[in-house]
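Dumping the structure here so I can ask a few things about it.
The values are calculated or read from the model by the stated rules, or taken from the named source; none is laboratory data. The structure displayed is predicted, hence computed values, not measured ones. A quick note on method: Cβ atoms are made from the backbone with ideal geometry, for glycine too, and the neighbour counts reach across all protein chains shown.
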Amino acid sequence: MSRIIEAEGLTKVYNGKVKAVDHISFSVDEGEVFGFLGPNGAGKTTTIKMLNTLARITEGRASVAGHDVSRSPGAVRDSIGVVPQELTADDELSGLENMILMARLHHIDGGAARRKSSELLSLVELDDAARRKVRTYSGGMRRRLQLVMGLLHEPKVLFLDEPTLGLDVQTRSKMWEYIKGLNKDRGLTVFMTTHYLEEADSLCDQIAIIDHGTIKISGSPAQLKETVGGDIVTLTLSDGAEDLTNFFEGIEGVKEVTRTDSVYRIKLPKTEKALPAIVEGLVRKQLQIKEISFTKPTLDQVFLEVTGKSMRDEEAPQSDSGWENIRMQRASGN
Amino acid sequence: MIGETLALTSRALRKWVHNPAAVLPGFFIALFYVALLGSSFNPTKVVPPGTPPQIANSILSQTFGGAPTYITFLTPGVICIILVFNMAFGGIDLVLDRQLGYLGTLLTAPIPRSAIYLSGVFQNLAKVMLLAVLTFLVALAIPNGLQLPGTFNVLDFFGVFLAFGLLGLGLSYIFTALALSVRSIDSLVAIVNFLTLPMTFTSNTFFPLDVFPDWLKSIAELNPITKANEAARLLVINGGLSSAQTTTFLWDIVYLAAFAVALGILGHLAARRALRPE
């Protein structure tokens with residue numbers, strides 16, 4: 001697979017003092033879904049803006065679809081589709097009119113524009129609503145329209161900035177299906193930012209976590225979760241039993257044991273292998289297990305470890321601009 | 001580039017057509033200016049009663065360039081006010097486009113930056129010129145309103161709107177560039193408020209230049225709004241022009257065309273700066 005996005009030492013300094021992005025390097029292979037995660041203000045949007053030609057690169061270089069972003073912004077714009085966080089479809093126009101306008105702006109005219117628009121609208125199940133004004137659309141419908149508005153010119157890379165922001169769980173998983181479909185059926189490379197870690201886990205082939213302008217960690221979701229140190233088994237024994245920390249630590253594969261009264265947290269790379277040995281040992285010692293549970297590591301834990309923040313504390317991107325709030329309301333409107 | 005400019009302009013105008021009520025505020029402002037301000041001043045009353053008609057007429061023709069009613073004199077001025085104010089505040093739509101992210105979408109599409117700017121210029125111009133024509137028709141419909149001479153023909157009508165069109169184009173160039181350059185509606189409104197009133201008051205919009213003090217007159221003579229009013233009034237008051245009047249009219253047009261070209265160049269430079277990557 002060839003690399004379709006490459007960034008080397010990419011840096012953005014605003015007004016000569018605010019370093020929003022600090023020498024980051026990464027690459028995205030063709031046909032991949034690449035997730036860019038990070039807390040608010042970490043540098044996600046600035047990075048996307050540099051790749052989309054909306055922000056000048058202060059230092060370093062980046063190329064998209066084989067074109068240098070600084071030297072040939074026009075060629076880059078021709079090969080990318082951008083679905084911004086904001087809902088930019090025109091309220092007063094119908095879904096179809098919005099699509100056709102977008103097609104004209106990408107030099108697709110007449111019949112081709114109409115045909116492509118209808119095809120894409122039916123892909124996201126908006127055929128019935130195509131002739132209705134966007135004003136009457138629900139938040140989910142707007143997001144779907146927005147998604148296909150970025151696809152009319154058959155871009156090589158699709159940039160999605162928070163594609164499911166403000167959507168309910170059901171609508172969100174529907175969006176995932178569309179994005180997966182575009183990636184699998186059309187071989188479209190997707191570069192996305194998201195606040196929903198389970199979304200990144202389920203959609204992305206590769207993930208990079210950015211914080212304070214630098215990439216803290218990157219890899220496949222499985223690789224990232226391995227860095228947390230594997231699964232965690234939580235065991236509760238009956239009160240008054242002896243301290244078993246040393247016993248657990250002696251079992252093969254166990255990495256770390258912490259004890260609070262009679263509750264033990266055992267970290268191990270693969271629960272499936274070590275759990276039988278743990279249970280067998282306890283039975284042999286004739287100890288009664290009151291409760292046993294194990295958890296697989298999540299991206300939440302990875303995120304917490306590398307950024308020191310939980311994604312849940314973050315919630316949706318914050319903004320003090322009134323218009324931002326209007327956008328959000330639009331997104332969640334029914 | 002022409003294709004994209006047309007696509008973007010038609011998007012804006014289509015939105016406008018979908019919402020015809022958007023023209024109402026502008027229309028009412030025009031109506032109030034013409035019907036109320038225009039009617040509030042009856043020039044025949046400044047002539048003392050008992051003045052022989054010949055002398056009275058000569059006083060009146062000197063005061064308002066021979067206009068039979070104040071509305072006839074004022075209508076071109078009101079059209080200029082409509083042009084200046086609607087053009088200036090029309091930029092709010094563009095600031096909104098930036099704030100709502102629509103401009104970002106345009107900037108990541110393979111569209112020449114100047115198409116984005118020019119579509120703003122043309123949509124503003126189209127909307128405001130429609131209002132200008134509407135104002136003219138309203139003034140005509142009002143009793144004792146705009147009274148055109150018998151010799152006024154279609155060509156004169158086009159002459160009037162050629163002058164307004166050039167003034168409008170220049171204003172649209174600069175106000176569109178301004179709207180693309182600011183980041184918030186507040187700052188646009190602040191700048192626009194600072195510009196529009198002095199622009200209007202240093203022109204012959206409400207009163208003829210002859211009654212101006214010398215210092216103000218010399219400023220007002222350079223104001224393109226004055227030139228547009230002068231050109232329009234020549235036609236509206238006289239109809240068929242004498243050769244001296246034709247020369248004045250043509251010089252006004254040349255002046256306005258130069259104004260439009262200059263602001264076009266300035267506007268393009270400012271817009272290019274405003275639309276480059278951050």
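Return the residue satisfying two criteria in turn: it lies in the range B:1-31 and is of a type in the set (Gly, Ala, Ser), closer than 30 Å to B:Thr108 by Cα and buried (at least 16 other Cβ atoms within 10 Å of the Cβ), and of such residues it is nearest to the other protein chains (Cβ to nearest Cβ).
It comes out as B:Ala7.
Quick one: is A:Ser218 more than 30 Å from A:Thr11 (Cβ to Cβ), in the same structural domain as A:Leu10 (by TED's automatic domain parsing) and at pLDDT 85 or above?
no
Looking at the range B:32-54, is at least one residue within 14 Å of chain A (Cβ to nearest Cβ), surrounded by 17 or more Cβ atoms within 10 Å (Cβ to Cβ) and not hydroxyl-bearing (Ser, Thr, Tyr)?
no
Can you tell me which residue is modelled with the highest pLDDT among those in the range A:122-139 that are in a helix (DSSP H, G or I) and more than 14 Å from chain B (Cβ to nearest Cβ)?
For the range A:122-139, the residue satisfying everything is A:Ser122.
Yes or no, residue by residue, for (1) within 14 Å of chain A (Cβ to nearest Cβ); (2) under 24 Å from B:Leu169 (Cβ atoms); (3) touching a His at 6+ places or on another chain (Cβ under 9 Å):
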| position | (1), (2), (3) |
| --- | --- |
| B:Ser218 | no, no, no |
| B:Ala228 | no, yes, no |
| B:Ile237 | no, no, no |
| B:Phe259 | no, yes, no |
| B:Pro277 | yes, no, no |
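Quick one: in the range A:263-276, of everything that is of a type outside the set (Asp, Glu) and surrounded by fewer than 16 Cβ atoms within 10 Å (Cβ to Cβ), which residue is farthest from A:Thr194 (Cα to Cα)?
Only one residue fits best here, namely A:Pro276.
Ok, one more. If I filter the range A:75-99 down to residues being over 16 Å from A:Pro155 (Cα atoms) and part of a helix (DSSP H, G or I), which single residue comes out as nearest to the other protein chains (Cβ to nearest Cβ)?
A:Glu97
To keep it simple, each residue is scored yes or no on (1) surrounded by 24 or more Cβ atoms within 10 Å (Cβ to Cβ); (2) modelled with pLDDT of 90 or more; (3) among the acidic types (Asp, Glu).
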site	(1), (2), (3)
B:Met87	yes, yes, no
B:Asp93	no, no, yes
B:Gly101	no, no, no
B:Pro110	no, no, no
B:Ala115	no, yes, no
B:Leu118	yes, yes, no
B:Leu130	no, yes, no
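Scan (1) free of Cβ contacts under 8 Å to residues at least 24 places away in the same chain; (2) out of contact with any helix residue (DSSP H, G or I) (no Cβ under 7 Å at 6 or more places or on another chain) for the single condition B:Val47 breaks and write down its number.
Status for B:Val47: all satisfied but (2).
If you don't mind, another one. Just give me the residues in the range A:203-232 being free of Cβ contacts under 8 Å to residues at least 60 places away in the same chain and under 23 Å from A:Glu177 (Cα atoms), in sequence order.
Once the filter is applied, which keeps residues that are free of Cβ contacts under 8 Å to residues at least 60 places away in the same chain and under 23 Å from A:Glu177 (Cα atoms), the range A:203-232 yields A:Gly219, A:Ser220, A:Ala222.
Checking A:Asp168 against (1) among the charged types (D, E, K, R); (2) crowded, with 20+ Cβ neighbours inside 10 Å; (3) within 18 Å of A:Gln85 (Cβ to Cβ), only one condition comes out false. Which one?
Looking at each condition in turn, A:Asp168 falls short on (2).
Also, quick follow-up: Identify, please: which residue in the range B:88-126 is polar (S, T, N, Q) and in contact (Cβ under 8 Å) with a residue 40 or more places away in the chain and is, among those, nearest to the other protein chains (Cβ to nearest Cβ)?
Only one residue fits best here, namely B:Gln99.
Would a scan of the range A:191-212 turn up a residue that is surrounded by 15 or more Cβ atoms within 10 Å (Cβ to Cβ), over 23 Å from A:Val157 (Cα atoms) and not aliphatic (A, V, I, L, M)?
Yes: the range A:191-212 contains one or more residues that are surrounded by 15 or more Cβ atoms within 10 Å (Cβ to Cβ), over 23 Å from A:Val157 (Cα atoms) and not aliphatic (A, V, I, L, M).
In the range A:161-175, is there at least one residue being of a type in the set (S, T, N, Q), closer than 22 Å to A:Lys44 by Cα and outside any strand (DSSP E or B)?
Looking through the range A:161-175, at least one residue is of a type in the set (S, T, N, Q), closer than 22 Å to A:Lys44 by Cα and outside any strand (DSSP E or B).
In the range A:67-90, what count of residues is obtained for those that are free of Cβ contacts under 8 Å to residues at least 24 places away in the same chain and more than 18 Å from A:His107 (Cα to Cα)?
The qualifying residues number 6.
For the range A:42-74: of the residues being more than 13 Å from chain B (Cβ to nearest Cβ) and closer than 16 Å to A:Val190 by Cα, which is surrounded by the fewest Cβ atoms within 10 Å (Cβ to Cβ)?
If we take residues in the range A:42-74 being more than 13 Å from chain B (Cβ to nearest Cβ) and closer than 16 Å to A:Val190 by Cα, then A:Gly66 is surrounded by the fewest Cβ atoms within 10 Å (Cβ to Cβ).
Return the residues of the range B:215-268 that are within 19 Å of B:Phe161 (Cβ to Cβ) and touching a Ser or Thr at 6+ places or on another chain (Cβ under 6 Å); say none if nothing qualifies.
B:Ile225, B:Thr226, B:Gly239, B:Gly240 - these are the residues of the range B:215-268 that are within 19 Å of B:Phe161 (Cβ to Cβ) and touching a Ser or Thr at 6+ places or on another chain (Cβ under 6 Å).
Here is a list of conditions, (1) more than 28 Å from B:Gly165 (Cβ to Cβ); (2) hydrophobic (A, V, I, L, M, F, W, C); (3) modelled with pLDDT of 85 or more, and B:Ile59 meets all of them except one; can you say which number that is?
Unmet for B:Ile59, out of (1) more than 28 Å from B:Gly165 (Cβ to Cβ); (2) hydrophobic (A, V, I, L, M, F, W, C); (3) modelled with pLDDT of 85 or more: (3).
Report, by residue number, each residue of the range A:11-41 that is surrounded by 14 or more Cβ atoms within 10 Å (Cβ to Cβ) and within 14 Å of another protein chain (Cβ to nearest Cβ).
A:Lys12, A:Val13, A:Ala20, A:Val21
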